[in-house]
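Working notes, structure below.
The values are calculated or read from the model by the stated rules, or taken from the named source; none is laboratory data. Because the structure is predicted, anything quoted here is derived from the model rather than measured. Counting neighbours? That spans all protein chains shown, and the Cβs are built from the backbone with ideal geometry, glycine included. The protein model used for the area step is the full one, side chains on, heavy atoms only, and it has no ligands, DNA or RNA in it. Shrake-Rupley method; radii C 1.70, N 1.55, O 1.52, S 1.80 Å.
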Amino acid sequence: MRNSFIAQNPSVLWFLMALAGFTLGVTLLSEATGIAFLSTSFVKTLGKTLCLCLIAVAMDVVWGYCGILSLGHFAFFGLGGYAIGMWLMYARTEVIVLESLAGQALPATPKEVSDAIGNQIFGVVGSSEFPWIWAFADSLFLQLLMVVLVPGLLALVFGWLAFRSRVTGVYLSILTQAMTLALSLYLFQNDSGLRGNNGLSGLQNIPGFEDTSQAVISIVFFWASALALGLGYLFFAWIVSGKMGSVIKGIRDNEARVRFLGYHVESYKLFVFTITAVVSAIAGALYYPQAGIINPGEIAPIASIYLAVWVAIGGRGRLYGAVIGAAFVSLLSSWFTGGGAPSVPLGFYTIQWTDWWLVLLGFSFVAVTLFFPKGIGGLFDRLVRKQA
Amino acid sequence: MSTLLEVSGVSVTFDGFRAINNLSIQFAEAELRAIIGPNGAGKTTFMDIVTGKTKPDEGTVVWGERNISLLGMSESQIAMEGIGRKFQKPTVFEDQTVRQNLAMALKNPRGPFSVLMHKKTKTNAARIEAIAEQIGLADQLRRTAGELSHGQKQWLEIGMLLAQEPRLLLVDEPAAGMTVEEREKTTDILREAAKTRAVVVVEHDMEFVRRLDCKVTVLHEGSVLAEGSLNHVTSNQTVIDVYLGRGHA
Ligand SMILES: Nc1ncnc2c1ncn2[C@@H]1O[C@H](COP(=O)(O)OP(=O)(O)OP(=O)(O)O)[C@@H](O)[C@H]1O
Ligand SMILES: [Mg+2]
């Protein structure tokens, strides 16, 4: 069955081969496993980019295929990051606390250990009590479960309320923006239990691997991100092909018609919204250990809008388009904003790209929407058609 | 003949305008019926009510031998009860092939999970081909629906209805924009379909209605003005005044 699925969707095979080639290339060029041509921080950038590609693929499924312009999927990405960050921070602090208490004459009681960890983590927000949401933070397994469950449940409840009342189009987009804004504002508060605007930090230090260098950790996370993107791509390609794909594209093009064919449109939207939210969360859980820090600013409404821009520029309704858009725009963006791009002296004024990049992005978005509605991915479609 | 659908005393008001006014109408099992009437008579709105798109302010809509009320049901539930609908403007999924359009409509479990796990079978393929044959699109199955001619799209939509295997088919202006040959063929498809199920056709074109050769209901200002054979209703003076007199005949 797999065989016939791949045979019917040759682009999936091409994509997986390209991804495998890219992974191999980076591996051979990295510090830890290759000739050290690529710096560890650049390997991290590439690994993070793969995570962004994964959430872009999810966004393409919910928007490009199902027609739901969600402007809130970065909230799920962030929640995934927070969920894994809680374990990373807890376990890492526990290691440090146990080390510092080891010198004492009397062994520390569990209560003392827990208080000390609490003090370390929540000192910045003037507290030392563990909020209830940290109940599972000491268990990697449970916290990994939270990566999937918390965003999944949020998406399920939010989606159920929104789709049941038949909120569609712009109103739905606004509602998803409101959701991500509310979540980010809530997390900014010191008593949110997640360290307010400090967020969670030190996430690049993996507990139990204190002696492993960041070069090795970075390449392992890069592999994990590549694997997640490959599997996510395969999974979504399977979803959007076949009859499920027919129905969700039908919902995008004419919701009422699908309804009168006897399909319960709301269930389908809820299904798509929720699984894409879960995959977004997984992408976030892989992203933030590579970024090292997560704070509520990451969940700001603008992040989800960028996501839509990536997918639009890459070309929606084709999964590889989403990957191209996310990789291209996010790498370009870090080049421009990171000071990589040379300034343009105009005599009377000098264009500093750190300031002007967003303007350029805005113009590109408008240009793509007007002149290349199929995005960059649309160029590939032409190639394929010429071959056929 | 037993009653399949019974609409009684139904009224709908849009912003103070009574589009349907105390409408009562019945359809029997496996009957072919034409509904005619001037623009704005409420023909489309009547279909909206039966298919659950519009909720009436008063009245009842009762379905089947178990006398179920359709009023509390969602569009998809009503469709699953066996009522199929063709829209006034042809609506097929233009991005997808004729085969995919028909496959989506084919009577099969409709839940997300069954659809996700759906496998193509020989039986389904044969059903699709039989329907394509019936609507004259047997050699077009691989084409994208958007490339079809206007008439072919109308047939595809009728085919999608047939694929649902409904007991009642509501067809809104199937012949609009069709050539004379296409109209003839459409009549044949509908008459054939009506042998095994009830088919209700809304149409302005009198020639088309004459060829359907069935009982006719005239709607006017949201209620039934006359009912009977085409000759009977067209000789009715009120019908002539409100409808035929305005150049539709
Ligand atoms: N959603 C709505 N909101 C407001 N008015 C409506 C709505 N739907 C229908 N109407 C009005 O109700 C009346 C009946 O409309 P309907 O579409 O049922 O007519 P029809 O008999 O199908 O006409 P036609 O032959 O032009 O298709 C019209 O005056 C129309 O403007
Ligand atoms: Mg109408």
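Residues of the range A:266-289 being open to solvent by 10 Å² or more (accessible area, probe 1.4 Å) and not aromatic (Phe, Trp, Tyr), which ones?
A:Glu266, A:Ser267, A:Lys269, A:Leu270, A:Thr274, A:Ile275, A:Val278, A:Val279, A:Ile282, A:Ala285, A:Leu286
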Subset of the range A:250-265 that is closer than 26 Å to A:Thr180 by Cα and facing chain B (nearest Cβ under 9 Å) - its residue that is surrounded by the most Cβ atoms within 10 Å (Cβ to Cβ) | A:Val265
Would it be correct to say that A:Asp211 is among the charged types (D, E, K, R) and under 30 Å from A:Val26 (Cβ atoms)?
-> yes
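Per-residue answers, yes or no, for (1) farther than 30 Å from A:Ala291 by Cβ; (2) away from chain B (no Cβ under 11 Å); (3) of a type in the set (A, V, I, L, M):
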site: A:Ile217; (1), (2), (3): no, yes, yes
site: A:Ala228; (1), (2), (3): no, yes, yes
site: A:Trp238; (1), (2), (3): no, no, no
site: A:Ser246; (1), (2), (3): yes, no, no
Name every residue in the range B:52-105 that is among the β-branched types (Val, Ile, Thr), at the interface with another protein chain (Cβ under 9 Å from one of its Cβ atoms) and buried (at least 22 other Cβ atoms within 10 Å of the Cβ), in order of residue number.
-> B:Ile78, B:Ile83, B:Val92
Within the range B:55-86, work out how many residues are within 16 Å of ligand 1 (Cβ to nearest atom) and over 17 Å from the mean Cα position of the chain (by Cα).
-> 4
For A:Val220: the one exception among (1) without any contact (Cβ under 8 Å) to a residue 24 or more places away in the chain; (2) surrounded by fewer than 21 Cβ atoms within 10 Å (Cβ to Cβ); (3) outside any helix (DSSP H, G or I) = (3)
Right, A:Lys44: under 16 Å from A:Leu227 (Cβ atoms), open to solvent by 20 Å² or more (accessible area, probe 1.4 Å) and either in contact (Cβ under 8 Å) with a residue 40 or more places away in the chain or in contact with a helix residue (DSSP H, G or I) (Cβ under 9 Å, 6 or more places away or on another chain) (or both) or not?
-> no
Say we look at the range B:17-37 and pick out the residues that are surrounded by fewer than 17 Cβ atoms within 10 Å (Cβ to Cβ) and within 10 Å of ligand 1 (Cβ to nearest atom); which of these is nearest to the chain's Cα centre (by Cα)?
-> B:Arg18
For the range B:30-77, which residues satisfy the criterion of being assigned to a loop (DSSP other than H, G, I, E, B), without any contact (Cβ under 8 Å) to a residue 24 or more places away in the chain and among the aliphatic types (A, V, I, L, M)?
-> B:Leu70, B:Leu71, B:Met73
Counting only residues that are under 26 Å from the mean Cα position of the chain (by Cα) and open to solvent by 80 Å² or more (accessible area, probe 1.4 Å), which one in the range B:106-122 is farthest from the other protein chains (Cβ to nearest Cβ)?
-> B:Pro109
Within the range A:67-114, residues of a type in the set (S, T, N, Q), in contact with a Phe, Trp or Tyr (Cβ under 9 Å, 6 or more places away or on another chain) and in a helix (DSSP H, G or I) come out as A:Ser114
So which of A:Gly315, A:Gly325, A:Gly292, A:Gly284 is more than 16 Å from the chain's Cα centre (by Cα), away from chain B (no Cβ under 14 Å) and not charged (D, E, K, R)?
-> A:Gly315
Specify which of the listed residues (B:Gly52, B:Gly42, B:Gly9) is at positive phi, of a type outside the set (D, E, K, R) and within 12 Å of ligand 1 (Cβ to nearest atom).
-> B:Gly42
For the subset of the range B:156-176 comprising residues that are more than 12 Å from the chain's Cα centre (by Cα) and either away from ligand 2 (no atom under 16 Å from the Cβ) or closer than 17 Å to B:Leu141 by Cβ (or both), which member is nearest to the other protein chains (Cβ to nearest Cβ)?
-> B:Gln164
From the list B:Ala30, B:Ala41, pick out the single residue that is at pLDDT below 95 and within 11 Å of ligand 2 (Cβ to nearest atom).
-> B:Ala41
Residue list for the range A:176-199, restricted to those being open to solvent by 10 Å² or more (accessible area, probe 1.4 Å) and within 13 Å of A:Ala75 (Cα to Cα) | A:Gln177, A:Ala178, A:Met179, A:Leu181, A:Ala182, A:Leu183, A:Leu185, A:Tyr186
Checked pairs for the range B:178-201, first at negative phi, second assigned to a helix (DSSP H, G or I) and open to solvent by 50 Å² or more (accessible area, probe 1.4 Å), C-beta under 6 Å and 6 or more apart or across chains, list as B:Thr187/B:Arg211
Taking the range A:334-349, which residues are open to solvent by 60 Å² or more (accessible area, probe 1.4 Å) and touching a Ser or Thr at 6+ places or on another chain (Cβ under 9 Å)?
-> A:Thr337, A:Gly338
Here are some residues: B:Val239, B:Val233, B:Val216. Which one is in a strand (DSSP E or B) and open to solvent by less than 10 Å² (accessible area, probe 1.4 Å)?
-> B:Val216
